[in-house]
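Asks: Have a look at this one before I ask anything.
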Amino acid sequence: MKNIMLVDDNSISVEGIYKNIDWPSLDAQVVHMEYSGLSAIESLKEESVDVIISDIEMPDLDGITMSKLALSCNPYIKIILISAYDKFEYAKRAIRIGVYDYIEKPIDYGYLYEKLQGVCALIDQEQHNMELLRTSRPAMIEKFFHLCGWIFQLIALVSFDKGIIMPFDRMICSQQNTCTIRIITL
């Protein structure tokens, strides 16, 4: 279940998003409805969320600044910013800080739902990848150390001119050796 936070200083906008999106079909639930950027950050410190849907223009803390703070708390949060203003500068700033998407008001709830489907699919994929990494990590570590051991054994067995192994930075196989390994350090 994905946790969603709605943020807008206009309570009608927050209620509209809350009531017009089929949250269960997205395997999501709205856990916070905040009416200022500052209260959103305070709530985020208490309970993490997966997605923030926020207005940009708010009096105490604008959506761009709030997004920066939210992403600094949790870089995996997905943020969709909404604005009644058709300002390209907002969209550019949102993209630069890593916001998932930018939507203009009036909100087309069908379009917002499509964006939420995409963000939820992305979250599911990221969680799946993290689980694969977590379960594969012990095997990867074991294979890495096994490979390191094999390489060190190989180096120890390689003989260079008169059986003397030279320091790694000078190790180069001579023409009379059958060895084709070259170790070069920078």
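The values are calculated or read from the model by the stated rules, or taken from the named source; none is laboratory data. This structure is a prediction, so every number in the text was calculated from the model and none was measured. Ideal geometry is used to build each Cβ from the backbone, glycine not excepted, and the neighbour counts take in all protein chains shown. Ligands, DNA and RNA are stripped out before the accessible areas are found, and what is left, the full protein with its side chains, is counted by its heavy atoms. Shrake-Rupley method; radii C 1.70, N 1.55, O 1.52, S 1.80 Å.
Asks: Which pairs have Cβ atoms under 6 Å, sit 6 or more apart or on different chains, and link a residue in the range 26-55 that is outside any loop (DSSP other than H, G, I, E, B) to one that is open to solvent by 20 Å² or more (accessible area, probe 1.4 Å) and polar (S, T, N, Q)?
Replies: 31/3
Asks: Can I ask one more? What are the residue pairs meeting all of these: first residue in the range 64-75, first residue closer than 20 Å to residue 88 by Cβ, second residue open to solvent by 30 Å² or more (accessible area, probe 1.4 Å), Cβ atoms under 6 Å, and 6 or more apart or on different chains?
Replies: 64/93; 67/97; 68/97
A quick yes/no check of all residues on (1) open to solvent by 60 Å² or more (accessible area, probe 1.4 Å); (2) over 19 Å from residue 72 (Cα atoms); (3) in contact (Cβ under 8 Å) with a residue 24 or more places away in the chain; (4) touching a Gly at 6+ places or on another chain (Cβ under 6 Å):
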position	(1), (2), (3), (4)
87	yes, yes, no, no
99	no, no, yes, no
104	yes, yes, no, no
115	no, yes, yes, no
120	no, yes, yes, no
123	no, no, yes, no
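Matching residues to (1) hydroxyl-bearing (Ser, Thr, Tyr); (2) within 17 Å of the chain's Cα centre (by Cα); (3) open to solvent by 30 Å² or more (accessible area, probe 1.4 Å):
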{"position": "37", "(1), (2), (3)": "no, no, no"}
{"position": "47", "(1), (2), (3)": "no, no, yes"}
{"position": "60", "(1), (2), (3)": "no, no, yes"}
{"position": "68", "(1), (2), (3)": "no, yes, yes"}
{"position": "72", "(1), (2), (3)": "yes, yes, yes"}
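Asks: I'd like the full set of residues that are outside any helix (DSSP H, G or I) and more than 21 Å from the chain's Cα centre (by Cα), limited to the range 83-114. Please lay out each step first, then the result.
Replies: First, the residues of the range 83-114 that are outside any helix (DSSP H, G or I): 83-87, 98-108.
Within the range 83-114, 83, 84, 85, 86, 87, 104, 105, 106, 107, 108 meet the criteria.
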